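I have placed the structure first, in the form of structure tokens, so that the comments after it can refer back to it.
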Amino acid sequence: MRTAVRLTGRKNIPVRSVDVRLIEGQPQKVMFSIRQSFNFNGIHRSSTLKLRFFENKGFESVNLGILDDLLASNGVERALDSRFSRPSCQLRVVQSEGSEKGLLLGSTPNWTLDSDSKDHSQSQNTGILYFAVGHEDPLSWRLELRENDYPTIYVDESIPNAKAWAKGDPVFTSLVLPVVIRNILEAILQSTDPPEWMVDWRNWVHQIGIHDDPPVNEDREERIRWIEKVVVRFAQNHKIHRNLVTSLRED
């Protein structure tokens, strides 16, 4: 198997070549190991590997060490200065010696790293809409749309058991999810080259019982009518109004 090389000479390293996990604690840590060493063939063993994390306005670069040491180890663990929930992540390999020190030799595409633990199945992300915890105060929640990953709802960290609450609370489901769906579908209708996650959302619209073609080339009024039709069908299928009223009466 060969690894692609860009015209600039920078090697394109597949994400599957490495294993990266976020470990909860004080501080939060990242565990890194190389899965497929052959994807680093041709890169000088003295090169430095770095992980870059992006989330909201936060950024952190983590020095993992020298390629030769990482290839010989079972993995390394590094403490993080920041705390991340669902960061965009990228591995970069840079020249560590000589006149071209710092030159980018290879990198992975950006991918999203989820901090969910396998021991917390109720909070794990599945499906086409993800949930994460972040610092959103003075807001309680925020929707983030990324180019190459499913939309994520960030719930403020001060809310107890925030992710599970957002997924199951009737008030959140009734008042927030319709707004989220409207925003996501509006972005989809405005996209001229939809990424894979948008295709999955279009399939979801079909699955809930809306078989009309999305009005991609129609005016705004047509788009609004179609989006509202989808939201109403979602509400009907999940009985979100009835569940809200029942919950409020029980309280």
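The values are calculated or read from the model by the stated rules, or taken from the named source; none is laboratory data. Keep in mind that what you see is a predicted model, and the values were worked out from it rather than measured. So basically every Cβ, Gly included, is an ideal-geometry build from the backbone, and we count neighbours across all protein chains shown. With ligands, DNA and RNA removed, areas are computed over all heavy atoms of the protein, side chains included. Shrake-Rupley method; radii C 1.70, N 1.55, O 1.52, S 1.80 Å.
Here are a few things to note about the model shown:
- Residue within segment 82-89 that is touching a helix residue (DSSP H, G or I) at 6+ places or on another chain (Cβ under 8 Å) and modelled with pLDDT of 90 or more present: no
- For segment 83-103, the set of residues classified as part of a loop (DSSP other than H, G, I, E, B) and within 26 Å of the chain's Cα centre (by Cα) consists of ARG83, PHE84, SER85, ARG86, PRO87, listed by residue number.
- Cross-chain or 6+ apart pairs with Cβ under 6 Å, segment 151-170 first and without any contact (Cβ under 8 Å) to a residue 40 or more places away in the chain, then open to solvent by less than 20 Å² (accessible area, probe 1.4 Å) and charged (D, E, K, R): ASP156/GLU136
- Subset of segment 102-129 that is farther than 26 Å from SER37 by Cα and modelled with pLDDT of 70 or more - its residue that is surrounded by the fewest Cβ atoms within 10 Å (Cβ to Cβ): GLY127
- Residue that is surrounded by the fewest Cβ atoms within 10 Å (Cβ to Cβ), among those in segment 229-245 that are within 18 Å of TRP165 (Cα to Cα) and of a type in the set (Val, Ile, Thr): VAL245
- Counting only helices (runs of 4 or more DSSP H) that fall entirely inside segment 134-251 and contain at least 3 residues that are hydrophobic (A, V, I, L, M, F, W, C), within 26 Å of SER82 (Cβ to Cβ) and touching a helix residue (DSSP H, G or I) at 6+ places or on another chain (Cβ under 9 Å), the qualifying elements are 162-168.
- Single residue of segment 26-65 satisfying the filter (closer than 17 Å to PRO109 by Cα, touching a residue at least 60 places away in the same chain (Cβ under 8 Å) and under 22 Å from the mean Cα position of the chain (by Cα)) that is least open to solvent (accessible area, probe 1.4 Å): PHE53
- Set SER82, SER88: member being under 26 Å from ALA132 (Cα atoms), among the polar types (S, T, N, Q) and surrounded by fewer than 16 Cβ atoms within 10 Å (Cβ to Cβ): SER82
- Enumeration of residues in segment 91-101 that are within 17 Å of ASN63 (Cβ to Cβ) and either of a type in the set (Asp, Glu) or open to solvent by 50 Å² or more (accessible area, probe 1.4 Å) (or both): ARG92, GLU97, LYS101
- Taken together, the residues in segment 184-210 that are more than 30 Å from VAL245 (Cβ to Cβ) and either hydroxyl-bearing (Ser, Thr, Tyr) or open to solvent by 80 Å² or more (accessible area, probe 1.4 Å) (or both) amount to 6.
- Residue under evaluation ILE23, criteria (1) open to solvent by 40 Å² or more (accessible area, probe 1.4 Å); (2) touching a residue at least 12 places away in the same chain (Cβ under 8 Å); (3) more than 30 Å from ARG142 (Cα to Cα), criterion not met: (3)
- Counting residues in segment 171-183 that are touching a Ser or Thr at 6+ places or on another chain (Cβ under 8 Å), of a type outside the set (S, T, N, Q) and under 25 Å from ARG242 (Cβ atoms) gives one or more.
- Every residue from segment 66-82 that is in contact (Cβ under 8 Å) with a residue 24 or more places away in the chain and in a helix (DSSP H, G or I): LEU67, LEU70, LEU71
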